Structure formats: C-alpha cells, structure tokens
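K.L.:
If you scroll down you'll find the structure; I have some questions about it.
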Amino acid sequence: MNDKILVSACLMGEKVRYDGQDNLLNDPRMALWRQQQRLVVMCPEIAGGLATPRAPAEQLGVRVLTVDGEDVTEAFQRGAMQTINLARQQQVVMAILKARSPSCGVGQVYDGSFSRHLKVGDGVTAAALKSAGIAVFSELELDAAATWWQRRYGESQDMTLS
C-alpha cells in the first residue's frame, strides 16, 4: 500500500506557525505512521509564499485578512493548490491538519474578529482537500482519523509501535 497521510508541518514540530513556533503533536500513532513512511508534511501558508513569522490571519467571509488588514487570500489559495498538487503526487488519502487555522482548520475557524471566537467552517486548504475527496481531520480528531484509517485498511493495521 502506497497511500499517504498529509500532515500540517507545525504538528510535526516545524516552526512554521505565524509566530515562528510549532504545535508539535506527540502521539504514538503519528510516530508509527512516520516510521512507516506514510506521512507527507506540508505547510500551505509557507507553500503559498508567506514568511515565518508573519502577522496572524483569520477568515472574514471569503477573504483571509491579517490583523493589520492586509488581504492574504491569494497566498492562502496558492498554498491550498500547492497542497492539492502534492497530495495527488504522493497518493494522499487522509489529512491531519491544525485545528482552527485559516488554512488548515477543520469544521471550525476563527471568525475574523481576532477575538478568539470561532465560527463553523473550514480553512482554505482543508476545504480544497475535502473537495478533492481526501478525508480531512484536525489533530483534535486523531481518534477518528485512526479509526478511519483502520477501517479503510483493515483490522490488521497495527496501531502500536513495534
């Protein structure tokens, strides 16, 4: 089986967040998938041409704006397209993305007020991946992602490190 799992780079410990930090996800399932060489690591915001560090951004309607009012929608869209292209090249069937991000958020994103309020919706890249038929989960849904993977590939899929 050559199917892969796309993962937000910040969850793998890469310092690509807007503030130059990471969101390292220490989980044995991630370690197993990395050991099995299933992971494809990507930061759509970096792929779209944004720097680290950068001003925080949130979705406001169909636009993505920084806290300073700069419209960075095109960079987010470029990053989403780069991610889709990589996912197709690498045979990605599932993605685990950073929750609440304007790029990677799954099901909820910040509402554009920069007040930490959430709204229903997906980030630009998460929505593009879903449209491409890829199963998308946030790191807060890792149990559901692991269950999805096990159902797809059968009960023989060992979820423990050997």
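The values are calculated or read from the model by the stated rules, or taken from the named source; none is laboratory data. The model shown is predicted, which means the values in this text are computed figures rather than measured ones. Here the Cβ positions follow ideal geometry from the backbone for every residue, glycine too, while neighbour counts run over all protein chains shown.
K.L.:
Counting only residues that are touching a residue at least 60 places away in the same chain (Cβ under 8 Å), touching a Leu at 6+ places or on another chain (Cβ under 9 Å) and of a type in the set (A, V, I, L, M), give me the strands (runs of 3 or more DSSP E) lying completely in the stretch 71-162 with at least 2 of them.
P.N.:
92-97
K.L.:
Testing residue 16 on (1) at pLDDT 95 or above; (2) farther than 24 Å from residue 77 by Cα, one condition comes back false. Which one is that?
P.N.:
Here residue 16 meets the rest and fails (2).
K.L.:
For the subset of the stretch 91-103 comprising residues that are over 12 Å from the mean Cα position of the chain (by Cα) and not polar (S, T, N, Q), which member is surrounded by the fewest Cβ atoms within 10 Å (Cβ to Cβ)?
P.N.:
Filtering the stretch 91-103 for residues that are over 12 Å from the mean Cα position of the chain (by Cα) and not polar (S, T, N, Q), the one surrounded by the fewest Cβ atoms within 10 Å (Cβ to Cβ) comes out as 93.
K.L.:
In the stretch 1-15, what residues are of a type in the set (A, V, I, L, M, F, W, C) and either closer than 15 Å to residue 139 by Cα or within 12 Å of the chain's Cα centre (by Cα) (or both)?
P.N.:
To start, the set of residues in the stretch 1-15 that are of a type in the set (A, V, I, L, M, F, W, C) comprises 1, 5-7, 9-12.
Matches in the stretch 1-15: 5, 6, 7, 9, 10, 11, 12.
K.L.:
I need the full set of residues from the stretch 25-39 which are assigned to a loop (DSSP other than H, G, I, E, B) and either over 13 Å from the mean Cα position of the chain (by Cα) or at positive phi (or both), in order please.
P.N.:
Matches in the stretch 25-39: 26, 27, 36, 37, 38.
To keep it simple, each residue is scored yes or no on (1) at pLDDT 95 or above; (2) under 17 Å from the mean Cα position of the chain (by Cα); (3) buried (at least 16 other Cβ atoms within 10 Å of the Cβ); (4) under 24 Å from residue 25 (Cα atoms).
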site: 58; (1), (2), (3), (4): yes, yes, yes, yes
site: 61; (1), (2), (3), (4): no, no, no, no
site: 75; (1), (2), (3), (4): yes, yes, yes, no
site: 82; (1), (2), (3), (4): yes, yes, yes, yes
site: 127; (1), (2), (3), (4): yes, yes, yes, yes
site: 139; (1), (2), (3), (4): yes, yes, yes, yes
site: 161; (1), (2), (3), (4): no, no, no, yes
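K.L.:
I'd like to verify a number: residues in the stretch 1-19 that are loosely packed, with under 14 Cβ neighbours inside 10 Å, touching a residue at least 12 places away in the same chain (Cβ under 8 Å) and either aromatic (Phe, Trp, Tyr) or closer than 15 Å to residue 96 by Cβ (or both), how many?
P.N.:
The number of residues fulfilling the criteria is 1.
K.L.:
Check residue 88 against each of (1) surrounded by fewer than 20 Cβ atoms within 10 Å (Cβ to Cβ); (2) in contact with an Asp or Glu (Cβ under 6 Å, 6 or more places away or on another chain) and name the one condition it does not meet.
P.N.:
(2)
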